[in-house]
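In what follows, a structure is listed as structure tokens, so that the remarks can point back to it.
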Amino acid sequence: MKANAKSILGVGTLAAFTASLCCIAPLVALIAGVGGAAATFSFLEPLHPYLTVITIGAIGLAWYQTLKPAKAHACGCETEERKPFIASKAFLGLVTVFAVLMLTFPSYAHIFYPESGQQTASLVQQSAKKVEFKVKGMTCSGCEKHVESQVSKLPGVVQVKASYDKSNTVVEFEPAKVTVADLQKAIDSTGYKAVSQKAL
């Protein structure tokens, strides 16, 4: 792999990582216990399609340069030089797999979040209420799971469902055990912002 192919490969890898950063940050924040940092890279979500195209183009070009036939030498002899691992097809294959995993991360990010311990419907008391929060900053299913995981830790939460498509979180809760302000504080602690609320 030539030097310019290495540069192209670097661009592709960086673009793949950046494209998935908005979904990786909430998981890292959850693991590190710093939920407020979760939405830090949500501004990258609109760039995801462009970064995906850059990644595919750069890695495709790197593969093309690696696989294209070598030019014949003037002497007509074949000289086979030993390439370092970083210039090998195996390394390019590893980088390609990494890029694919990064680009598809939003589709499987939810598996890294613990299942929320929500109560079943049969346990819901008559006094349970529902509230919908409009939430800014969620960009993928990983973001949804992060919010759901944080809110479901509160006592009195019966059920919580977050949706990045609808930019909302609906919470069913027992007012005797938890307040709407507590629910909003739990959402805000994830790094996403509960901007409004309404009772359902």
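Quick note: the coordinates plus some simple rules give every number you see, no bench work behind them. Since we're looking at a predicted model, the values are computed, not measured. Here the Cβ is made from the backbone with ideal geometry for all residues, glycine too, and neighbour counts use every protein chain on show.
Structural remarks
- FRET E, pair Leu47, Leu200, Förster distance 25 Å, beta-carbon r, rounded to 0.05: 0.15
- Gain upon complete extension [Leu67, Ser189; 0.36 nm per residue less C-alpha separation]: 39.0 nm
- Taking other Cβ atoms within 10 Å as a rough exposure proxy, His146, His48 sort from fewest to most as His48, His146.
- 3J(HN,Hα) from dihedral phi, the range 138-143, Karplus parametrisation 6.51/-1.76/1.60, rounded to Hz, x for glycine, proline: 6, 10, 7, 5, x, 5
- Vicinal HN-Hα couplings computed from phi for the range 45-50 (Karplus, 6.51 cos²θ - 1.76 cosθ + 1.60; Hz; Gly/Pro x): 4, x, 8, 3, x, 5
- Theoretical FRET efficiency, 1/(1+(r/R0)^6), r = Cβ-Cβ of Ala181 and Phe112, R0 25 Å, to 0.05: 0.30
- Couplings 3J(HN,Hα) for the range 184-200, derived from phi with the Karplus relation 6.51 cos²θ - 1.76 cosθ + 1.60 (θ = phi - 60°), are 5, 5, 5, 5, 4, 5, 7, x, 8, 10, 7, 8, 7, 8, 8, 6, 10 Hz, where x marks Gly and Pro.
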